[in-house]
Amino acid sequence: MSPEGSEGGNQSLPRRAFVRTLLGSGFLGSLLSFFYPVARFLLPPPTSDFSSDEVVAGQVGELKNNTGKIFRFGSKPGLLIRGADGAYRALSATCTHLDCTVQYRGDLQRVWCACHNGMYDLNGRNVSGPPPRPLQQYEVHVRGNEIVVTRAQRS
Amino acid sequence: MPIGRNNGSGKPLRAIRGALRWLLAGGFLLAGTSLWAQAPNTCVDCHSVLDPPQKVTTEQFVTDIHAQKGLTCASCHGGDPTKDDDQAMSKAAGFRGHIKRSQVPELCASCHSDASYVHKFNPSLRTDQLSQYKTSVHGQRLAKGDEQVAVCTDCHSVHDIRPASDSRSSVHPLNVASTCSRCHSDAAHMKPYSIPTDQFAGYSVSVHHEALVLRGDLSAPTCTTCHGNHGAAPPGVASVENVCSNCHAFQAQLFDGSPHKAAFAAASMPGCVTCHSNHRIQHPTDAMLGTGPQSVCTNCHAQGDGGFKVAATTQEKLTSLDAAILRADELLDRAERSGMDVSQAKLSQTQARDALTKARVSIHSVTVDRIMQDVQAGSKLAEQNLAAGHQALADRDYRRWGLGVSVILILLTIAGLWLYIREIEGRSGSRPV
Amino acid sequence: MLGRLRAWLDERVAWNEIAGFLAHKTVPLHRFSYWYFLGGITLFLFGVQVATGMLLLLYYRPTSNEAFESVQYIMTQVQFGWLVRSIHSWSANLMVFTAFAHMFSVLFLGAYRKPRELTWVSGMVLLFLVMGFGFSGYLLPWNTLAYFATKVGTDMVGQMPVVGHYLMVFLRGGEDVTGATLTRFFGFHVALLPGITTLLLAVHLALVQRQGISVPPAIDAEWKANPAARRDMPFFPNFFLREMIAWYVALGVLGALAALAPWELGAKADPFAPAPAGIKPEWYFLFMFQTLKLIPAKLGFIDGELVGLAAFGGAGLLWTLLPFFDRQGARFGRKWIVGAGIFALAYMSVMTVYAYWAK
């Protein structure tokens, strides 16, 4: 509450207009600065579904038989493999030895880790080399044109 | 003074034994342990109350794999466990008594090398233990009359033998090193042999021990992995690298293609062990390169020679890549804490770290061009991710700029309200406090 | 045009009566008048919570599987999601603070006295509801801190005799804190508590309008001695314009906090991981938490924690019934209440600071 000066009575018209303009524009401007973010918020972002347990790993036809591809699952890499028989498999691509990213070797039909020569079979089982544990398996479904990879629900 | 030897016992001892038997009968009724105890076993009756080394108890036998398969004392020692006293330990009953150390391998092999017999119990058991043993240092020395060396029972124990797959067995991978060290770390025992006794001490602080015992990774090596078990012999200087390369294939490949291969052979220096040691293998660090105090390169190379330069260059490249990755990590963490989404960049960081790991393997080629392939791949990624971090922080700053705008508008509104209040109160005359 | 609209409304809902009442509403002016803003600010912050809460509801998913990820999505993918969420979290804390400040200012200014006892009682229940909002909302992001804070909090409820276990199972939706707890807390936070709060708020505000703004006893005495000294300010437009300034300042503070100190998300809750060291509840529960930590395990033959809970329960009940102790000629008069207020304020402040400092 500010102490008021001895300004009793009417103020000059230009002064009053200034105050009204200031108040009006400030008020409108501040309302806009509140409603602009709200309006942007209301419209869903480009990736409308975010489930961390499901991701589109690729398109049908993108992978040839007996090849693999690294895709992103949250912030970890996953490996999508199209076997020689055309079937899709998906595994975690983080090697269980020292966390390097594995790759698919079509010539060996195995999953291979380039860092220390670790080998896994197509089910993720560690079959040779240093890896102490198998790779986590994911489920793969083909939905229309998309290859969708999901992982098991955690409670 | 042990009592009850196989050839003859005096009358006074008979009285003592009689008394003991009564005690034991009572004890047996109370204990009633395993099925092993169901058949009359006069051997254990006495031997369970004797002092060591004759002491053998039912508790021990319960755990023994031979006993579980139906073998008895007589299977190895002869004699007759169903009879009493002298008849039990008579020559007529085939009693062999205490087995001499030099006879132990042949005794064990009498079953374990008989494939048709052993395969009745477990068809996948090996039957070459004795022939392997004869090629080992232990076997060769035993043949020359040295009874101090290890025989079957020293490692496998005797009356409480567990299969090697049992984690309580003295020959389970987790326990092998302590079993070997019983002799090999005993300075007094090893005195006649003039070999070091620090292997176990070194191994215990090695990465292999850490992997095996602390992380439970049974694929990690223990003594027998590199030295063999029954055919135990240390690999010679020229063949150490072969042993290591069974697991460390890349490093061996790179080494074979490097100038070090010929140079080491010429100087009779073992591959791998020269820089990494054989038992006390520590976690390799970037400090092992270069020309600093912990460098292994300077053991041979001196200022001015080509290798010295390569050492310095590779260390510099690796540490700068490490630093670049760390810088990007820190920036991305900062951005993430500010609420920005950097998951794509963080994923790419794992690939940069992969490149660094590969670079640390490729140093075994000691060729700068080969090493730089991996280093450059990693550097490129680290740079990209650092840029992504900067972008994220720029986005964060944009938010703050937006905040600034709205704060200014708010302040304008507040100013407008205040002036408006002054105006209307000037008019109406009511005085605000 | 406005005149015609007004006439139209008046024929249907007696608009002129309402407008007339509001036009004549005044606010007493004295050296303590600034404290009158606190109630309005709390109401404003509640409005902010409702608005940002409804926006968050467009994206939040209340299952243990997706809750954390949905909040992460809001913070990183949704346009200005970070702003809405941070404002919601900051405003919640500010609201608890202003609610407590409002309660204490009403106590010290004696605005609870006859005829305003019911206003005080409804206000105290609203305060408990606000703390309930805080407790239930805290779990919703399903991060480590929230999970364990909820576990500890509901554990303490379970300590109460007789009803404790049933109450705990009711709150948790089971024996342990699980996804069922999350669903339940979500229901409390967005439906049950808002429903009850809206009703009670309507009652509280209606009572304030009906009874007018109270004058503190000291000022009242001054004005009785010198009637010409009395000052009042019309609510519309004068006080209301000032309140607008206060609300705008609050908005500015919220925006600045959201942009400069965004609310952390932490890591997703892992029920199987051990509780992180130094887990403690949000600051407005700290004074109770610290008190319980200081009470010895056993007092005589009674469990120490139980004594603490009983003490706080009893204190809360007495506090709600405070106005009934300040009657003319009663033993526990105004002086005792002011003394109790100072003690409570000091105790809560000291305990909160101690809890932070003690780690």
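The values are calculated or read from the model by the stated rules, or taken from the named source; none is laboratory data. Keep in mind the model is a prediction, meaning the values are calculated, not measured. Note that we place each Cβ from the backbone using ideal geometry, even for glycine, and neighbour counts take in every protein chain shown.
A compact table of results
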item	result
Helices (runs of 4 or more DSSP H) contained in the range B:32-131 and holding at least 3 residues on the phi < 0 side of the Ramachandran plot and within 31 Å of the chain's Cα centre (by Cα)	B:58-63, B:65-68, B:104-112
Verdict on B:GLY426 being part of a helix (DSSP H, G or I), facing chain A (nearest Cβ under 9 Å) and under 30 Å from C:ALA228 (Cα atoms)	yes
Residues of the range C:57-95 satisfying the condition of being among the aromatic types (Phe, Trp, Tyr), within 11 Å of chain B (Cβ to nearest Cβ) and farther than 16 Å from C:LEU260 by Cα	C:TYR73
First in the range B:110-127 and closer than 17 Å to B:HIS230 by Cα and not assigned by TED's automatic domain parsing to the domain that holds B:LYS69, second anywhere and of a type in the set (Asp, Glu) and part of a loop (DSSP other than H, G, I, E, B), Cβ under 8 Å, 6 or more apart	B:SER113/B:ASP128; B:THR127/B:ASP114
From the options A:ASN117, A:ASN126, residue that is on the phi > 0 side of the Ramachandran plot, within 11 Å of chain B (Cβ to nearest Cβ) and not small (Gly, Ala, Ser)	A:ASN117
Selection within the range C:26-44 - of a type in the set (A, V, I, L, M, F, W, C) and either within 10 Å of chain B (Cβ to nearest Cβ) or not in a helix (DSSP H, G or I) (or both)	C:VAL27, C:LEU29, C:PHE32
Among residues of the range C:115-170, those that are assigned to a helix (DSSP H, G or I) and either among the charged types (D, E, K, R) or farther than 19 Å from C:THR181 by Cβ (or both), counted	16
Residue within the range B:354-373 that is under 30 Å from B:LEU289 (Cβ atoms), surrounded by fewer than 21 Cβ atoms within 10 Å (Cβ to Cβ), at pLDDT below 90 and in contact with a strand residue (DSSP E or B) (Cβ under 6 Å, 6 or more places away or on another chain) present	no
Subset of the range C:1-24 (residues that are within 27 Å of the chain's Cα centre (by Cα) and within 14 Å of chain B (Cβ to nearest Cβ))	none
Test: residue in the range C:282-290 that is outside any helix (DSSP H, G or I), touching a residue at least 60 places away in the same chain (Cβ under 8 Å) and surrounded by 15 or more Cβ atoms within 10 Å (Cβ to Cβ)	yes
Flag if C:GLU264 is modelled with pLDDT under 85 and in a loop (DSSP other than H, G, I, E, B)	yes
So C:GLY314, is it touching a helix residue (DSSP H, G or I) at 6+ places or on another chain (Cβ under 9 Å) and free of Cβ contacts under 8 Å to residues at least 60 places away in the same chain	no
The range C:146-167, residues that are at pLDDT 90 or above and surrounded by fewer than 20 Cβ atoms within 10 Å (Cβ to Cβ)	C:LYS151, C:HIS165, C:TYR166, C:LEU167
B:ALA220 vs. criteria at pLDDT below 90 and crowded, with 19+ Cβ neighbours inside 10 Å	yes
Number of the condition not met by B:LEU218 [criteria: (1) in contact with a Pro (Cβ under 6 Å, 6 or more places away or on another chain); (2) closer than 26 Å to B:ARG141 by Cα; (3) within 14 Å of chain A (Cβ to nearest Cβ)]	(2)
Hey, B:ALA262 out of contact with any Ser or Thr (no Cβ under 8 Å at 6 or more places or on another chain), hydrophobic (A, V, I, L, M, F, W, C) and outside the structural domain of B:LEU130 (by TED's automatic domain parsing) or not	yes
Residues of the range C:30-77 that turn out to be within 16 Å of C:SER105 (Cβ to Cβ) and touching an Asp or Glu at 6+ places or on another chain (Cβ under 7 Å), as a count	2
Any chance C:MET75 is crowded, with 22+ Cβ neighbours inside 10 Å and not in a loop (DSSP other than H, G, I, E, B)	yes
Among the residues listed as B:LYS317, B:LYS346, B:LYS358, the single one being out of contact with any His (no Cβ under 7 Å at 6 or more places or on another chain) and within 14 Å of chain C (Cβ to nearest Cβ)	B:LYS346
Criterion: under 21 Å from A:PRO45 (Cβ atoms), of a type outside the set (Ser, Thr, Tyr) and either free of Cβ contacts under 8 Å to residues at least 60 places away in the same chain or surrounded by 17 or more Cβ atoms within 10 Å (Cβ to Cβ) (or both) - qualifying residue of C:TRP82, C:TRP8, C:TRP90	C:TRP82
Conditions (1) at pLDDT 90 or above; (2) more than 9 Å from chain B (Cβ to nearest Cβ); (3) over 30 Å from C:THR150 (Cα atoms): number failed by C:PHE236	(1)
Criterion (surrounded by 15 or more Cβ atoms within 10 Å (Cβ to Cβ) and at pLDDT 85 or above) met by exactly one of A:LEU43, A:LEU22, A:LEU28	A:LEU22
Failed condition for B:GLU383, given (1) of a type in the set (Asp, Glu); (2) away from chain C (no Cβ under 14 Å); (3) in contact (Cβ under 8 Å) with a residue 40 or more places away in the chain; (4) surrounded by 18 or more Cβ atoms within 10 Å (Cβ to Cβ)	(4)
Qualifying residue in the range B:245-265 (condition: assigned to a helix (DSSP H, G or I), farther than 15 Å from B:SER362 by Cβ and within 21 Å of the chain's Cα centre (by Cα))	yes
Which numbered condition A:ARG154 fails, given (1) assigned to a strand (DSSP E or B); (2) modelled with pLDDT under 90	(1)
Any chance B:THR319 is without any contact (Cβ under 8 Å) to a residue 12 or more places away in the chain, closer than 30 Å to B:LEU393 by Cα and either polar (S, T, N, Q) or not in a helix (DSSP H, G or I) (or both)	no
Failed condition for A:ARG40, given (1) within 22 Å of the chain's Cα centre (by Cα); (2) not in a helix (DSSP H, G or I)	(2)
Members of the range B:320-343 found to be more than 14 Å from every other protein chain (Cβ to nearest Cβ) and more than 36 Å from the chain's Cα centre (by Cα), listed by number	B:LEU331
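Residue by residue, here is whether (1) free of Cβ contacts under 8 Å to residues at least 60 places away in the same chain; (2) at positive phi; (3) in contact with a Phe, Trp or Tyr (Cβ under 6 Å, 6 or more places away or on another chain) holds:
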| site | (1), (2), (3) |
| --- | --- |
| B:THR222 | yes, no, no |
| B:ALA238 | yes, no, no |
| B:ASN242 | yes, no, no |
| B:SER245 | yes, no, no |
| B:GLY257 | no, no, no |
| B:ALA265 | yes, no, no |
| B:GLY271 | yes, no, yes |
| B:HIS276 | yes, no, no |
